[in-house]
Amino acid sequence: MNQPKIEILPLKKGFLRAAAAATHVLVRIVAPAKPTEVVETPRPPLDLALVIDRSGSMGGRPIEAAVESAARIVRGLREDDRVTVIAFDDHIEVVQTLAAVADREALAARIKSIDARGSTNLFGGWEEGVKQLAPFTRKERIARVILLSDGQANQGLLNESEIFAQVAKAAGAGVTTSTVGLGHGFNESLMTGMADAGEGVANFGQTADDLDEAFEEQFAIISNSFLRQVKVSVQGGSDVQARLVGELLEEGAARSRKLGTLPWDASLVAVVELKIGAGAKADALAAVNFEAITKDGEVVRFGPELIGLPETDLRAFSVLPPDTSVAAAVSEALISEKIEAIEALARAGKIAEAKQEFEELLKRSDLTDWAKQKVEYLRNLLAEDAVMAMKEMRYGRSRMLRQTKAAMLRDFDVQFCADAEDAKPIYLQKKVVAGAARKPKAPKGGQPPQA
């Protein structure tokens, strides 16, 4: 296979031994450009399980968005794709067993007839999706459960840790899981946790139009994937404490992180924070490793790549210029960590303190333009709707950490402009609002609605 490039990019090209402040380094894995002979090769065929929550709490807009989104996915399938559809409340119904779809409109109509009722056996619905896919998993096909739900489980298995363990087990056997949170009060902890454990993607929205972008992005990444299930890990050297910036409150996440799918001609990044003691070795401050799965289902490993920097004295270090692109990536990782702490305050009911923390964030001089707009949006949303603000915080900070990046490093620190994002592949486009379409859709025969 074509080999990816591993890059170790320090914020400053030097370090101070035993300094009070941490040293930051950007590490990234960069896919090669898509070879000419690969351009016309179609993505691997899909085996999809669309698992639709039809419980009573999904009544109204959530069920409407779920069935419309599922119907749109069915209409967009290729002839070599297969789909199964499961609807669940306290009863699990297989609407369509796994098969290629001969009559897409007929299946779409069956999906759109699903209505809200009953309790919520979320795990049972997800489990049936896995059962439909598991016997047919092949390394040349992609098997994925897409769960559309408000996550308000009240029947069957309810313990989140046990659910995550089962989802991770299925992913290890080749059936990954993506989740779509719907409604105002959906359980983002369960839905994001399942997607993370399932090595899939977590999205949320209020309407089918909101979700169109999410699915377009997800399938575009699948169609252009170079490596799947990319994971990064870091280990500090002698007398060096190393961690990955961005998930301060996530237990066990400080030294390894799942980064997702790496498309051709793109990159996945992580920011490493180093606290360097007096006994550190300058040429081996830390080691970075990447692990991934190829399109053929083979596990591949890259590394270790050593982080080494020249030691400087205080005077020399103070005049070392920071790399502006690395500075942008470091800033956004640190901001995502701050947003996580603010989310924790909001969940504890400390809304006033959370608002004040947003005001303090906006005073930072290192905010990128994208991060500033996101923080301003979250601050304003928190004042209007604390419930939705917490969801935006959870999903928005995750995108700051895990979103696919451009292969060109200089693209990291460019000024954010929503209109300019249209020229990029959808999986490289940045969004200020995580839970809504980036641009409103134009009504038929009319002009785009005003944002």
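The values are calculated or read from the model by the stated rules, or taken from the named source; none is laboratory data. Everything numeric here is computed off the predicted structure, so don't read it as measured data. Cβ: placed from backbone, ideal geometry, glycine included. Neighbour counts: every protein chain shown.
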Any residue at all in region 253-265 that's of a type in the set (D, E, K, R), on the phi < 0 side of the Ramachandran plot and assigned to a loop (DSSP other than H, G, I, E, B)?
yes
From the set of residues in region 273-290 that are more than 16 Å from residue 11 (Cα to Cα) and of a type in the set (Gly, Ala, Ser), which is surrounded by the most Cβ atoms within 10 Å (Cβ to Cβ)?
280
Here are 343, 291, 337, 332: which of them is in contact (Cβ under 8 Å) with a residue 40 or more places away in the chain and either among the polar types (S, T, N, Q) or in a strand (DSSP E or B) (or both)?
291
Of these, 436, 371, which one is touching a strand residue (DSSP E or B) at 6+ places or on another chain (Cβ under 7 Å), at pLDDT below 95 and either in a helix (DSSP H, G or I) or not acidic (Asp, Glu) (or both)?
436
Going through region 346-374 one residue at a time, which ones are free of Cβ contacts under 8 Å to residues at least 40 places away in the same chain and under 25 Å from residue 192 (Cβ atoms)?
348, 349, 350, 351, 353, 354, 355, 357, 358, 361, 367, 372
Out of 317, 302, which single residue is outside the structural domain of residue 137 (by TED's automatic domain parsing), farther than 16 Å from residue 234 by Cα and in contact (Cβ under 8 Å) with a residue 40 or more places away in the chain?
317
When residue 247 is evaluated against the numbered criteria (1) within 15 Å of the chain's Cα centre (by Cα); (2) not in a loop (DSSP other than H, G, I, E, B), which criterion, by number, is the only one it fails?
(2)
Can you say whether residue 254 is small (Gly, Ala, Ser), modelled with pLDDT of 95 or more and surrounded by 15 or more Cβ atoms within 10 Å (Cβ to Cβ), as far as the supplied structure shows?
no
Could you check region 71-89 and list, in sequence order, the residues that are surrounded by fewer than 17 Cβ atoms within 10 Å (Cβ to Cβ) and not basic (Lys, Arg)?
76, 79, 80
Which listed residue, of 151, 125, is over 14 Å from residue 193 (Cα atoms) and either at pLDDT below 95 or touching a Phe, Trp or Tyr at 6+ places or on another chain (Cβ under 6 Å) (or both)
125
In the set 333, 371, 346, which member is in contact with a helix residue (DSSP H, G or I) (Cβ under 7 Å, 6 or more places away or on another chain), farther than 28 Å from residue 25 by Cβ and hydrophobic (A, V, I, L, M, F, W, C)?
346
Within region 291-336, take every residue that is surrounded by fewer than 17 Cβ atoms within 10 Å (Cβ to Cβ) and in contact with an Asp or Glu (Cβ under 6 Å, 6 or more places away or on another chain) and give me the one that is nearest to residue 261 (Cα to Cα).
301
When every residue in region 391-426 that is loosely packed, with under 15 Cβ neighbours inside 10 Å and among the basic types (Lys, Arg) is compared, the one farthest from residue 381 (Cα to Cα) is 410
Name the single residue, out of those in region 115-127 being without any contact (Cβ under 8 Å) to a residue 60 or more places away in the chain and of a type outside the set (A, V, I, L, M, F, W, C), that is nearest to residue 79 (Cα to Cα).
127
For region 90-114, enumerate the residues that are assigned to a loop (DSSP other than H, G, I, E, B) and touching a residue at least 60 places away in the same chain (Cβ under 8 Å).
90, 114
Considering only region 209-219, I want to know if a residue exists there that is touching a residue at least 40 places away in the same chain (Cβ under 8 Å), in a loop (DSSP other than H, G, I, E, B) and not assigned by TED's automatic domain parsing to the domain that holds residue 394.
no
If we ask which residues in region 28-56 are of a type in the set (S, T, N, Q) and either surrounded by 23 or more Cβ atoms within 10 Å (Cβ to Cβ) or modelled with pLDDT of 90 or more (or both), their number turns out to be 1
Filter region 279-296 down to the residues that are farther than 21 Å from residue 199 by Cα and among the charged types (D, E, K, R), then identify the one that is nearest to the chain's Cα centre (by Cα).
283
Check on residue 329, touching a Phe, Trp or Tyr at 6+ places or on another chain (Cβ under 6 Å) and farther than 22 Å from residue 218 by Cβ
yes
Could you list, in sequence order, all residues of region 160-175 that are farther than 20 Å from residue 394 by Cβ and not aliphatic (A, V, I, L, M)?
162, 166, 169, 172, 174
Residue check: is residue 226 of a type in the set (Phe, Trp, Tyr) and at pLDDT 95 or above?
no
